[in-house]
Amino acid sequence: FEVEDFDLGSSSTSLGAFNVSAKTLYHWNGERREFALKSLLGEKDFGKGKVALRVRRATEDDIDFMEKYERSKNKKREVTTLLQLKGGKGTIASVTTVYKKKAKEGPDQGKEIYLVRPGPDPKRKDSTTWLTKEKIEEESMAESRNWIDIGSGNLGKIFLEIIGCDGLPNMDTGGAFGNKTDAFVSIVHEDCMARTDVIADTLSPRFMPWSQRAFIFNMMRTSSQLFLAVFDSDSNPFSQHDFIGRVSVDLSNFRNNTVYILIYNLYKTAKCEPRRGAAPLGSIKIRLRLELED
């Protein structure tokens with residue numbers, strides 16, 4: 001394995017590498033192991049750095065999941081190719097996607113309804129593809145269905161749900177044609193990182209309870225902070241996602257087994273002094289609960 005510092009404009013810099021034997025991989029049972037980085041021949045020796053890995057043999061369920069995932073990726077490639085033939089993201093063909101319309105029938109007849117993103121509830125597709133703003137807000141506050149459990153600690157758990165953002169800046173070109181920020185949230189805690197689904201073309205995204213928005217972080221230390229950052233997703237493989245703003249959450253402020261609904265302003269930095277007097281770059285709304293061991 002080799003770790004590199006990626007550089008779009010020139011060759012990447014090798015930060016070091018490490019070897020894992022085939023025998024070790026075969027008998028690995030999922031426990032966390034650390035490997036020190038060592039410089040490759042002819043490369044600069046930075047003298048530090050570690051990589052943590054977890055490996056286990058794939059089960060039949062894992063193999064079935066990966067086969068389904070590969071099939072879904074192939075379908076997405078076909079759709080992407082079709083979009084590129086029609087002009088691709090950022091063109092008139094893509095920015096004229098309809099995200100708002102007036103309901104012609106039903107209980108919301110005559111009201112403005114909005115396309116639910118990243119998609120409707122799989123169990124209620126017909127009734128949740130288009131909703132009013134009020135119903136989207138109501139749905140976003142429902143209990144999350146799909147939780148991702150990560151981290152290697154055993155002192156407690158953080159239950160985190162990303163509910164939504166408001167007032168985000170528009171990071172996309174073509175705003176006059178309706179092309180807006182494609183927001184997602186990245187979360188870092190101790191030895192792990194997670195991210196939500198992307199909510200396309202809106203400055204006030206709502207992450208629905210059936211989407212990827214809920215995470216359980218297993219804590220190694222109760223004093224560790226939780227870092228949240230909001231990005232504008234960029235589908236171009238040759239460019240990076242655009243950073244919007246971030247916040248750090250001090251978990252020592254919260255009581256055990258208490259549910260909190262929290263709204264934080266977003267800034268370019270989590271440090272107070274550099275952002276003094278700066279206008280916030282939108283806000284983020286989360287639901288949080290700690291479950292600590294005695």
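Structure data summary
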item: Total residues in region 178-203, condition surrounded by fewer than 18 Cβ atoms within 10 Å (Cβ to Cβ), of a type outside the set (D, E, K, R) and not in a strand (DSSP E or B); result: 2
item: Of the criteria (1) open to solvent by less than 50 Å² (accessible area, probe 1.4 Å); (2) out of contact with any helix residue (DSSP H, G or I) (no Cβ under 9 Å at 6 or more places or on another chain); (3) farther than 20 Å from residue 131 by Cβ, which one residue 219 fails; result: (2)
item: Pair list, Cβ under 9 Å, 6 or more apart: region 40-54 residue closer than 12 Å to residue 17 by Cα, other residue surrounded by 11 or more Cβ atoms within 10 Å (Cβ to Cβ) and among the acidic types (Asp, Glu); result: 40/2
item: Whichever residue in region 83-126 is surrounded by fewer than 10 Cβ atoms within 10 Å (Cβ to Cβ) and at pLDDT below 85 and, among such residues, is farthest from residue 137 (Cα to Cα); result: 85
item: Matching residues in region 244-259 - criterion: being assigned to a strand (DSSP E or B) and open to solvent by less than 50 Å² (accessible area, probe 1.4 Å); result: 244, 245, 247, 248, 249
item: Count of residues meeting criterion [without any contact (Cβ under 8 Å) to a residue 40 or more places away in the chain and either open to solvent by 90 Å² or more (accessible area, probe 1.4 Å) or assigned to a strand (DSSP E or B) (or both)] in region 18-39; result: 12
item: Tabulated pairs, region 278-294, first open to solvent by 40 Å² or more (accessible area, probe 1.4 Å), second in a strand (DSSP E or B) and among the small types (Gly, Ala, Ser), C-beta under 8 angstrom, 6+ apart or interchain; result: 280/245; 281/245; 285/164; 291/156; 292/156; 293/156
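The values are calculated or read from the model by the stated rules, or taken from the named source; none is laboratory data. Here the structure is a predicted model, which means the values were calculated and not measured. Reconstructed Cβ throughout: ideal geometry from the backbone, glycine too, with neighbour counts over all protein chains shown. The area values use the complete protein model at the heavy-atom level, side chains included, leaving out ligands, DNA and RNA. Shrake-Rupley method; radii C 1.70, N 1.55, O 1.52, S 1.80 Å.
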